[in-house]
Amino acid sequence: GAYAWTAEVLTVGDGDSFTVRRDGRTHKVRLYGIDSPELGQAHGRNARELARAWLQGRRVEVEPMYQDKFGRTVALVWVGERLLNEELVRSGAAWVSPKFCQSRRVCDRMFDIQEKARQARLGLWRDARPEPPWQWKRRHPQGARR
């Protein structure tokens, strides 16, 4: 992207957020346009393990989209040639967020990828009616640790 930067992944908090080091400073990064199951939710730990397998100890390209109210960099994140945001959706480890995925160039494609994962019953789509984290958090306000 126009303004991407390289960083080293330090820790992975859950399926869609992690901490990186760039120029000696740490930054919290949130994957743009997707929402992984919360850790207390079905598939939440699997999503984190998958994100760790992609990220732990790696160098990544971070393409910021915006900063959220928690001060995190919400971004497209590239691991080599692969866009992690898409890869997690492709594996059934995240939903595309209808509320936050607004960029047509990224989101049209991610919604297509999600539909294929759903039809193939991958990851969270193995459940008959998986509950998106934005609904789950409304029912479990104490479980939504950020």
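The values are calculated or read from the model by the stated rules, or taken from the named source; none is laboratory data. Since the model is a prediction, treat every value here as computed from it, not as a measurement. Quick reminder, even Gly has a Cβ in these numbers, built from the backbone with ideal geometry, and neighbours come from all protein chains shown. The accessibility values were calculated without ligands, DNA or RNA, using every heavy atom of the protein model including side chains. Shrake-Rupley method; radii C 1.70, N 1.55, O 1.52, S 1.80 Å.
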- Message: Taking 8 Å as the Cα distance limit and 6 or more residues as the minimum spacing, I'd like the relative contact order of region 1-105 as a percentage.
- Response: 31 percent
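Multiply the residue separation of LEU122 and VAL79 by 0.36 nm, subtract the distance between their alpha-carbon atoms, and state the gained length in nm to one decimal.
Working: separation 43, 0.36 × 43 = 15.48 nm, distance 2.14 nm.
Additional length available on full extension: 13.3 nm.
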- Item | the chain, Cα convex hull volume normalised per residue, Å³ | 107 Å³
- Task: Step through the table entries LYS116/LYS137; LYS69/LYS137; LYS28/LYS116, compare each Cα-Cα distance with 22 Å, and write down the pairs that go over it.
- Result: LYS116/LYS137; LYS28/LYS116
- Note on the structure: Expected max-MSF residue from ARG90, ARG109, ARG129 in the GNM of the chain (alpha carbon, under 10 Å) is ARG129
- Query: Taking the Cα centre of the chain as origin and charging only Cβ (+1 Lys, Arg; -1 Asp, Glu), how large is the dipole, in debye to the nearest 20?
  - Reply: 380 debye
- Note on the structure: Most fluctuating of GLY13, GLY71, GLY33 in the GNM of the chain (C-alpha, under 10 Å) is GLY71
- How many nm is it between the label spots at TYR3 and GLU115, if each spot is 7 Å from the Cα in line with the beta carbon? 3.3 nm
- Query: Which aspartates and glutamates have a Cα less than 15 Å from the Cα of LYS99, not counting those fewer than 8 places away in the same chain?
  - Reply: ASP35, ASP68, ASP108
- Task: Net charge near ALA47: determine it from the other residues with C-beta under 12 Å of the C-beta of ALA47, scoring Lys and Arg +1 and Asp and Glu -1.
- Result: -3
- Message: From the C-alpha coordinates alone, can you work out the Kirkwood hydrodynamic radius of region 45-130, in Å?
- Response: 13.7 Å
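At a 1.4 Å probe, what is the % contribution of carbon and sulfur to the accessible area of region 86-130?
Details: 1320 of 2720 Å².
Answer for region 86-130: carbon and sulfur cover 49 percent of the accessible area.
Under a Cβ-Cβ cut-off of 11 Å, what is the net charge of the residues other than GLN67 that fall near it, where Lys and Arg count +1 and Asp and Glu count -1?
Values: positive: LYS28, ARG30, LYS69, ARG72; negative: ASP68.
Local charge sum for GLN67: +3.
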- Item | Positive-end residue, the chain charge dipole about Cα centroid, Cβ charges, pick of PRO37, ALA93, THR73 | PRO37
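Counting only heavy atoms of the protein chains, get the accessible area per residue of region 1-53 (1.4 Å probe) and round it to a whole Å² value. Working shown, then result.
On the way: 2370 Å² over 53 residues.
I get 45 Å² per residue for region 1-53.
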